[in-house]
Structures are given as structure tokens and as C-alpha cells.
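Structure first, commentary second.
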Amino acid sequence: MAAPKKGRQGTQGRPGRTLALILIAIVALTGGMFASGHTTPRLGIDLAGGTSITLQAKNEPGQKNAINKTNMDTAVDIMNRRVNGLGVSEAEVQTQGSSNIIVNIPKGTNSKQAREQVGTTAKLYFRPVLTTEVSGGAAASPSPSATGSSSASPSADSGKESEKATSSSSPTSSATSQGRAVTDALKADPTPSKTTGESSASASPSASASESVDPATAKLQAEYTALDCSKKTARAKAGDGVKASDPTVACGQNSQGQWQKYILGPAEVEGTDVDKASAVFDTQGAAGWKVTMDFTGKGGKKFASITGKLAQNQSPQNQFAIVLDGEVVSDPYVSQALTGGTAEISGSFDQQESEDLANMLSYGALPLTFTEASVTTVTAALGGEQLEAGLIAGAIGLALVIIYLVLYYRGLSLIAIASLLVSAVMTYVIMSLLGPTIGFALNLPAVCGAIVAIGITADSFIVFFERIRDEIREGRSMRPAVERAWPRARRTILVSDFVSFLAAAVLFVVTVGKVQGFAFTLGLTTLLDVVVVFTFTKPLMTLLARRKFFGEGHSWSGLDPKRLGVQPPLRRTRRVSAPVDTKEA
């Protein structure tokens, strides 16, 4: 007798191990869900309620072909920063087609404020730093070093080491300061003609604010003293409504994850003065990843003027802050005027950091404006009613599937129902985890995708059960029938699920908005169907085939040979005839 093949023996002999693995995975995922605190799927705007804003991009006058993927992606990044600044942690900002951006903001947000924030062009300014310190009252971080004549290399934040402005001709010069009094900082503004405070820098630091500064400067000093950048609401309000020509307070984050607060002088260079910004890798020097900036002709003159003034000061007043929408994204310092019309931002950047900063700088000169195409308010009540109707439809569909399985497959229906429960649990847990992980939101189309998946999953069980029945009809006993049926059923299941997954993938790629939720859910449940059938349904069927109820084809097992029309095998009998005596009497 030939020994069974190794792979086949493993399939028959160790189904319990496979079941244990899938159950351990379910327990681990469920434990992770409860540990994260996200025990329910994140709901989309159509279920939770909120505001949906459609913005249409338009080229600025004189700009052609500005509506492209790069500019649209940059706009999406900036709008994400804006709505998150409003305290919205579940807002969705995504492109739709080639020229539209959809902003979905859940309930609990001031929709009017949100529309104003996402519908206006980003404001990028280069402002001189007057003073800075870690928010909470700590001393100011040492300023990064900088040099330059035709290139500048600012740091991404005031705490990042070695981020400097570099030039091929000038040496590095650095300065360190623990931060000076706010009043003295205002007086030492390198652009005194625009500064609200007094221009004299000789006043005694111990003088009272009422004697040394005017009311506007005293107000700015009070704002700076009270500013706590560790709070999101405070960061969002810092510098709100301040003109570009006035000093302001602002917040920024350093490389240690600490929030810095700043007093900044009037804007000397605007984002529209930046002609181009790119992230490049320095293959010749040791700078690594850096950001290059090219200024317009007018912008280059402005930049040369402000860097010449800053170079005469001590840190931190030889720094300028790159401010995007009121937040400091970089604060370089210089040691001499940068007159070449170009600049380099270098230091301890990785690729992602340099690309992010380049995008922010590019947005200042982004030749796009956005207009509101539509604004839709979705109430949670409307979404709740639709969800309830969808769940009722899904429950009816599931009940009909279970009734059919019980009537037609009898005992086999228990395996199918158990597999459906495992699939449902895994789908729920994974959806709950995907919310905080990748921002997946369960909307009505996604619920529809999950309902459709019930039929796909049940179809896999039916294919397997029918293959087993075919083997029994051919006269095989239960255990061999299961193992012989599985390879053919497996092939059919994989082909069917591949077609469903391919359709979901194509739908996800070519569509936008809520339809993607349907495609994503359909693809996810299709993958889970393969996992459940291979790691739960098949091993469970192998184990139950060894039990008397199924193995001997009980009438309620769904595998009764008589009900399947199996004819008992014909037994051939040998006829014994009397010997013929050929002898004549």
C-alpha cells in the first residue's frame, strides 16, 4: 500500500492546529481593538452627519496647466492641516477627478469656519524671529548654525541640530542665546520701521512695560506670555487675523516633539515670491536631503535685504521663520546676506521631511484658487435611517441564506453558519482597527459592500459542499470524499474570489468618494473569505468528517447517501456449475 503524500497527510492530520491559529489571530485582533479603545468602526459623514464641501480648482490668470496631480495633492495636504487645526480629527480631504477636492467634516464642527478655512488660498510668509522659547516657559533652544551667500539652509525647527544655510564660498558662523526679554526683542526688530515697539535698543530691560512699550506692543507681549502652544486651540488662534505688515505670535514644533512659541516681525517675503521649491539629495556633499528654493526677481531682492539685516544680529534674531497658515514650519538663521536669488534648506532631514517642506514652500506660489462648487449638510438622523434600512435588508438577506442552508444542507449548515460568524467577527474587528490606522470610515456604500459579501462567502461554502456530495455520489466514504473534493473546490473558490477582488480593485482605483467605500469593503471581505475558507471551514470539515454523525451519513447530516441518490455497489457472484461427465456410460 502506497504511503499518502506528505502535503495531503498534513491537511488531514493537523486540522486542529490550523483552527487554533485562526482562533488565536481572532483573539489577538479583538484584544488589540479593545486595547486601542476603538471598539466600533469609524462612521462616515453620511452616518455620523456633518458637512460635505466640494471645491473646484481654477488656474490663476496667466498660468496654464497648473491643475495637475502634484499641485492638487499639495492643496489636499494643506487643507488637511487646516481642518485638523480646527480640532477635527475625522475630517476627510480627498481629490475627486482631476480638478475637484471633497472635504467631509463630521458633526460638531463650525461649518462656516471650516468653509472659510478650506476655501481660501494658503498664506505663506517669511518673518524675522524676534524671540522664541519652548512653550511653557523654558529657555529658548540653541539656534542652528547658518552660513550663506547664494544659498540658505534653515532648520526645520529651532531644536534640530546642524540644519544650516550653506554656501560654496563662505564659512559657517553660529551663535547661541538663551532668549531675551520680550520687550527688548521687540526693540531689536531688524526692521524697526515696521515694528510696533520702540526703535531704541538701549532701554533698560528692567523698565516696566508701560514705560518702555506702546499699547500695541504691550498687547503682543501679553499674548506671547499667555500663549501655550501645547494646546491645539491655542495654536489655531495664534496670530489669527494679524496683517502681514504687523508683528505676531506663532507656534512651531521642534525635532524633540516640543512646541516652540515665537514673536515674529512683519512679513518681509511672501509665498508668492517663491518661484519653485524642490527636495533633492546632495550626492557630492554631506548635507544629505535638502530643499532648494528659487525666488522670483522681486522676491530675490526682498530675501537679500532681510537676510542682510538678520546677519547683523545675534541668535535668535538672526533667524527668519517660514510661516504657513500661522504655524512656523522652519526657522533658519543666516550669517550674511543671501543675494543669489536661490536658497538651500539643509540639515538632518530625511526624504519625507524634505519633501513635506518643499511642498509647503511650493504652496505659497501655487497657481491655483478654489471656488465652492457645492456645500451639502448631512444630518445624522438621515444617515441613521438609511443605515437602519440597510441593516434590515442585510439581516433579511442573511436570514434567507441561513434558512436555505438549513433546509438544503441540514447538518452542513452548522459549518457554514460558524464560518459566517467567524467572517463577520473578523470583518468588524478589522474595520474598527482600520479607522484610527488608515482613516477608514464606514459609510452606506461600505455597508452595502459588506452585505454583498454575504453572498460571496456563502457561495464558497456551497462550492465546497457540492464537491463533497459529488464524491459521495460516486460511492466514496466521507473522509476520502472531503479530501478529494477540496482540491477542485479550492481552485473554483480562488478563481471566483480573484474575479470579485479584481472587480473591487478596479472600482476602487477608477472611482472616488463614497463608491470607494463600497469597493474597499468588497475587496476586504473577499480576502477574508479566502482566509476563513482555508483556515476555518476546511479544517472544521475535516474534523467533523471523522465523527459518526457525518462520517456515516446520518439522515440529518446533509450527506445521507440515500438522499443523494447513491446506489449500493453491485456485487458480482461466481456461479458454480456441476461438472460435466464426458465419459460415456
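Condition (residue is at pLDDT below 70 and part of a helix (DSSP H, G or I)) applied to region 84-100: is it met by at least one residue?
yes
Being of a type outside the set (Ser, Thr, Tyr) and surrounded by fewer than 18 Cβ atoms within 10 Å (Cβ to Cβ) is the filter here, so list the residues in region 551-560 that pass it.
Residues of region 551-560 that are of a type outside the set (Ser, Thr, Tyr), as a first pass: 551-554, 556, 558-560.
Correct list: GLY551, GLU552, HIS554, TRP556, ASP560.
Considering each of ILE468, ILE462 in turn, give the residue that is out of contact with any Ser or Thr (no Cβ under 9 Å at 6 or more places or on another chain), crowded, with 21+ Cβ neighbours inside 10 Å and assigned to a helix (DSSP H, G or I).
The match here is ILE468.
Look through region 471-493, keep the residues that are among the small types (Gly, Ala, Ser) and buried (at least 21 other Cβ atoms within 10 Å of the Cβ), and return whichever of them is nearest to the chain's Cα centre (by Cα). Before you say what the answer is, go through the steps one by one.
Taking region 471-493 first, the residues among the small types (Gly, Ala, Ser) are 475, 477, 481, 485, 489.
Filter once more, so that each one left must be buried (at least 21 other Cβ atoms within 10 Å of the Cβ): 481, 485, 489.
Working: ALA481: 47, ALA485: 42, ALA489: 37 Å.
Among residues in region 471-493 that are among the small types (Gly, Ala, Ser) and buried (at least 21 other Cβ atoms within 10 Å of the Cβ), the one nearest to the chain's Cα centre (by Cα) is ALA489.
Starting from region 545-565, take each residue that is farther than 18 Å from ALA485 by Cα and list its partners that are of a type in the set (S, T, N, Q) and exposed (fewer than 14 other Cβ atoms within 10 Å of the Cβ), counting only C-beta distances under 9 angstrom and pairs at least six apart or across chains.
LYS562/SER555; ARG563/SER555
Look through PRO445, PRO480, PRO436 and report the one residue that is of a type outside the set (Asp, Glu) and either within 18 Å of ASP560 (Cα to Cα) or without any contact (Cβ under 8 Å) to a residue 24 or more places away in the chain (or both).
It is PRO480.
Across region 511-550, which residue is surrounded by the fewest Cβ atoms within 10 Å (Cβ to Cβ) among those that are of a type in the set (A, V, I, L, M, F, W, C) and not in a helix (DSSP H, G or I)? It would help to see each step written out before you state the result.
Kept after step one, since they are of a type in the set (A, V, I, L, M, F, W, C), are these residues of region 511-550: 512, 515, 518-520, 522, 524, 527-528, 530-534, 536, 540-541, 543-545, 549-550.
This time we only want the ones that are not in a helix (DSSP H, G or I), so: 512, 545.
Working: VAL512: 14, ALA545: 20.
In this case the residue turns out to be VAL512.
Return the residues of region 337-358 that are polar (S, T, N, Q) and either without any contact (Cβ under 8 Å) to a residue 24 or more places away in the chain or assigned to a strand (DSSP E or B) (or both); say none if nothing qualifies.
Selection gives THR342, SER346, SER348, GLN352.
Could you tell me which numbered condition PHE320 fails, if it satisfies all but one of (1) in a strand (DSSP E or B); (2) surrounded by fewer than 16 Cβ atoms within 10 Å (Cβ to Cβ)?
(2)
Yes/no matrix, rows are residues, columns are (1) aromatic (Phe, Trp, Tyr); (2) more than 30 Å from PHE549 (Cα to Cα); (3) surrounded by 14 or more Cβ atoms within 10 Å (Cβ to Cβ):
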{"position": "THR369", "(1), (2), (3)": "no, yes, yes"}
{"position": "ALA416", "(1), (2), (3)": "no, no, yes"}
{"position": "THR437", "(1), (2), (3)": "no, yes, no"}
{"position": "CYS448", "(1), (2), (3)": "no, yes, yes"}
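Say we look at region 256-275 and pick out the residues that are more than 24 Å from THR342 (Cβ to Cβ) and surrounded by fewer than 19 Cβ atoms within 10 Å (Cβ to Cβ); which of these is modelled with the highest pLDDT?
So, considering only residues that are more than 24 Å from THR342 (Cβ to Cβ) and surrounded by fewer than 19 Cβ atoms within 10 Å (Cβ to Cβ), the one modelled with the highest pLDDT is GLN258.
Against the condition closer than 15 Å to LYS123 by Cβ, touching a helix residue (DSSP H, G or I) at 6+ places or on another chain (Cβ under 6 Å), assigned to a helix (DSSP H, G or I) and small (Gly, Ala, Ser), how does ALA236 come out, does it pass? Reasoning before the result, please.
Numbers: closer than 15 Å to LYS123 by Cβ: yes; touching a helix residue (DSSP H, G or I) at 6+ places or on another chain (Cβ under 6 Å): yes; assigned to a helix (DSSP H, G or I): yes; small (Gly, Ala, Ser): yes.
Taking the combined requirement at face value, the residue satisfies it.
Does GLY308 qualify as being surrounded by fewer than 16 Cβ atoms within 10 Å (Cβ to Cβ), at pLDDT 80 or above and either of a type outside the set (S, T, N, Q) or in contact with a His (Cβ under 8 Å, 6 or more places away or on another chain) (or both)? Let's see the steps before the verdict.
Numbers: surrounded by fewer than 16 Cβ atoms within 10 Å (Cβ to Cβ): yes; at pLDDT 80 or above: yes; either of a type outside the set (S, T, N, Q) or in contact with a His (Cβ under 8 Å, 6 or more places away or on another chain) (or both): yes.
The answer is yes for GLY308.
The values are calculated or read from the model by the stated rules, or taken from the named source; none is laboratory data. As the structure is a prediction and not an experimental result, all values here were calculated from the model. Note that we place each Cβ from the backbone using ideal geometry, even for glycine, and neighbour counts take in every protein chain shown.
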